[in-house]
Amino acid sequence: MNNIFETIGYYLSLPMGRYALIVGVLIALCASLLGVTLVLKRFSFIGDGLSHTAFGALAVATVTGLTNNYILVLPLTILSAIILLKTSQNKKINGDALIAILSVSALAIGYLLLNVFHVSSNVSGDVCSTLFGSYSILTLSISDVWISIILSVCVITFFTLFYNKIFAVTFDENFAKASGTKTEWYNIIIATIIAVVIVVAMNLVGSLLVSALIIFPALSAMRVYKSFLSVTICSGIISVVCTFVGILSSMLLSTPVGATIIVIDILCFFAFYIIGLALRGKSEV
Amino acid sequence: MNLIKVKNLSVGYDKKIVLENLNFDINEKDYICIVGENGTGKSTLIKTILGLLSPIKGTIEYNISRNEIGYLPQQTSVQKDFPATVMEVVMSGFQNRCKFRPFYNKEEKQEARTNLAKLNIANLEKQCYRELSGGQQQRVLLARALCSAQKILLLDEPITGLDPLATQEMYALIKGLNQSGITIIMISHDIKCALKDASHILFATNPPFYGTKTEYEKSDLHKKYNTHHVGGHIGGHDDE
Ligand SMILES: Nc1ncnc2c1ncn2[C@@H]1O[C@H](COP(=O)(O)OP(=O)(O)OP(=O)(O)O)[C@@H](O)[C@H]1O
Ligand SMILES: [Mg+2]
């Protein structure tokens, strides 16, 4: 027992350990807030597609040798977020196919670029950490911390101020539009925030696992709660707790941080699934 | 006072016209009933007036602001698993009133409760929307439409799924709203009732008919339609 606290104490005495915890919790909170809208609007697949595009963009940024990757990765990801959103609403274009094309191309081109241009000596190690997150949490810099703090302040402020609009747009977009809400605008803002969250979260859990961070808490909360407000709050809490526990366990067990967080999220989902079944009585599945 | 002016309008989807040559004015306190057979473009017309679809030809002039319009859709594409209470759904009708105010105020909350009571669903306030029956859901959406209507209320087959008593109450409610100064545009297959309360009739055919109730009763259309469907109610299709 003492050993556990000692290990955690040791990690938290390192600035890197504290950064990981702060960044993790904040990112998780933002991701889960967005997740509710994303899941309900049937946009979860966009999160998935985007994380792959972000990987491609990151590869390009690495190859071109930019000092700050965000300068290239962020605008590219935001752009693809908006494109994906627009096409998924357009019934004439097959949105699913486009997302598949976009994400697979981004992965392939990204991997190819990294290999052809040998920017680092350990390409497969780099690729692995971009896809699945860093093996250890001790790779975050102070600028990551600041970015995640600024980001989460923006997301939470936006979410609080526009909570009612977000509900209206999510629940019934046509009605919201008919009564004068600029729904396209909200969609674009939501897409932009998703893109930003994905890019920042990629540092933590890696691009393949990012969408789990977004959708699992919302799905868990929806098993048990029945109002939009309680689902939103609950998914925020689930996400923060799971990430916190996940990061601490990865410190203790020396496991990859991203995968650990997601596994905790999955366990939590099953717990809520069972609670949901129990509450509803076993008649309904 | 004129609220909306429809000139030479054609409506439809992707250049495919479903209803054309529409010319009419919507004035304050009108009670316009849109009737016509299935698939003649009634819902399409309403969506075009609301700005959800763009006109194929012609113009619509608005002398009111978009956020003074309330709307009851014929179908809502609400997801089966959407977590939302009745109160949350009804309150969302106010969001056009808020402009830049982030939260709803006490008066609005009170008004939402009044509207729920008017539709006899005050007891459902805290229930989950997705767990209601079709008719109850319809009433909730109606309550939401009432919350959002400040000048005009557009209703696309409001009585679909309501029981006979609720239907009667619904008509009385709409009439009351109209008398209190709200302009009503309602799609209905219940032509008998339409003729009782409405001030104007828009018959969706080619060419469309628009006129006051008395004009309609004198027209050939009325004679034809009435002999076909004695008793009036043709019964809208049920989308539940
Ligand atoms: N999204 C769509 N895309 C293309 N065509 C459509 C679409 N929705 C409806 N239509 C077509 O437009 C025509 C008019 O449809 P609309 O829904 O306006 O009919 P309606 O008069 O409201 O009928 P009902 O009484 O059944 O509600 C129909 O022939 C229909 O096939
Ligand atoms: Mg219709």
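The values are calculated or read from the model by the stated rules, or taken from the named source; none is laboratory data. Bear in mind that the values here come from a model prediction, so they are computed numbers and not experimental data. Note that we place each Cβ from the backbone using ideal geometry, even for glycine, and neighbour counts take in every protein chain shown. The protein model used for the area step is the full one, side chains on, heavy atoms only, and it has no ligands, DNA or RNA in it. Shrake-Rupley method; radii C 1.70, N 1.55, O 1.52, S 1.80 Å.
Numbers below:
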item: Qualifying residue in the stretch A:61-72 (condition: assigned to a helix (DSSP H, G or I), open to solvent by 10 Å² or more (accessible area, probe 1.4 Å) and without any contact (Cβ under 8 Å) to a residue 40 or more places away in the chain); result: yes
item: Residues within the stretch A:36-47 that are buried (at least 20 other Cβ atoms within 10 Å of the Cβ), of a type outside the set (Ser, Thr, Tyr) and not in a loop (DSSP other than H, G, I, E, B), tallied; result: 6
item: Where a residue in the stretch A:117-131 is within 20 Å of residue A:258 (Cβ to Cβ) and its partner, wherever it lies, is at pLDDT below 75 and open to solvent by 70 Å² or more (accessible area, probe 1.4 Å), with Cβ under 7 Å and at least six apart; result: A:129/A:135
item: Residue among B:110, B:127 that alone is more than 12 Å from every other protein chain (Cβ to nearest Cβ) and more than 24 Å from residue B:186 (Cα to Cα); result: B:110
item: Condition met for residue A:42 (of a type in the set (D, E, K, R) and within 21 Å of residue A:143 (Cβ to Cβ)); result: no
item: Test: residue in the stretch B:158-178 that is within 14 Å of chain A (Cβ to nearest Cβ), open to solvent by 20 Å² or more (accessible area, probe 1.4 Å) and more than 16 Å from ligand 1 (Cβ to nearest atom); result: no
item: The stretch B:117-140, subset assigned to a helix (DSSP H, G or I) and more than 17 Å from residue A:227 (Cβ to Cβ), residue most open to solvent (accessible area, probe 1.4 Å); result: B:118
item: Filter pass, residue B:217 being open to solvent by 30 Å² or more (accessible area, probe 1.4 Å) and not aliphatic (A, V, I, L, M); result: yes
item: Residue list for the stretch A:164-185, restricted to those being hydroxyl-bearing (Ser, Thr, Tyr) and facing chain B (nearest Cβ under 7 Å); result: A:179, A:181
item: Failed item, numbered, when residue B:90 is tested on (1) open to solvent by less than 70 Å² (accessible area, probe 1.4 Å); (2) at pLDDT below 90; (3) away from ligand 1 (no atom under 16 Å from the Cβ); (4) more than 14 Å from the chain's Cα centre (by Cα); result: (2)
item: Residues satisfying the stated conditions in the stretch A:1-35, i.e. open to solvent by less than 30 Å² (accessible area, probe 1.4 Å) and within 12 Å of the chain's Cα centre (by Cα); result: A:24, A:27, A:28, A:30, A:31, A:32, A:33, A:34, A:35
item: Filtered residues of the stretch B:72-84 (kept if at the interface with chain A (Cβ under 7 Å from one of its Cβ atoms) and closer than 16 Å to residue B:184 by Cα); result: B:73
item: Close pairs (8 angstrom Cβ cut-off, 6 or more residues apart or separate chains): within 8 Å of ligand 2 (Cβ to nearest atom) in the stretch B:30-47, of a type in the set (S, T, N, Q) and open to solvent by 10 Å² or more (accessible area, probe 1.4 Å) anywhere; result: B:43/B:74
item: Within the stretch A:42-75, tally of residues that are touching a helix residue (DSSP H, G or I) at 6+ places or on another chain (Cβ under 6 Å) and not hydrophobic (A, V, I, L, M, F, W, C); result: 9
item: Residue that is modelled with pLDDT under 90, among the polar types (S, T, N, Q) and either within 16 Å of ligand 1 (Cβ to nearest atom) or open to solvent by less than 50 Å² (accessible area, probe 1.4 Å) (or both), where the choices are B:105, B:2; result: B:2
item: Residue among B:47, B:29, B:80, B:57 that is of a type in the set (D, E, K, R) and touching a Gly at 6+ places or on another chain (Cβ under 7 Å); result: B:29
item: Identity of the residue in the stretch B:72-85, within 16 Å of ligand 1 (Cβ to nearest atom) and among the polar types (S, T, N, Q), that ends up most open to solvent (accessible area, probe 1.4 Å); result: B:75
item: Candidate set: the stretch B:12-71, residues that are under 19 Å from the mean Cα position of the chain (by Cα), among the basic types (Lys, Arg) and within 14 Å of chain A (Cβ to nearest Cβ); chosen: the one farthest from ligand 1 (Cβ to nearest atom); result: B:66
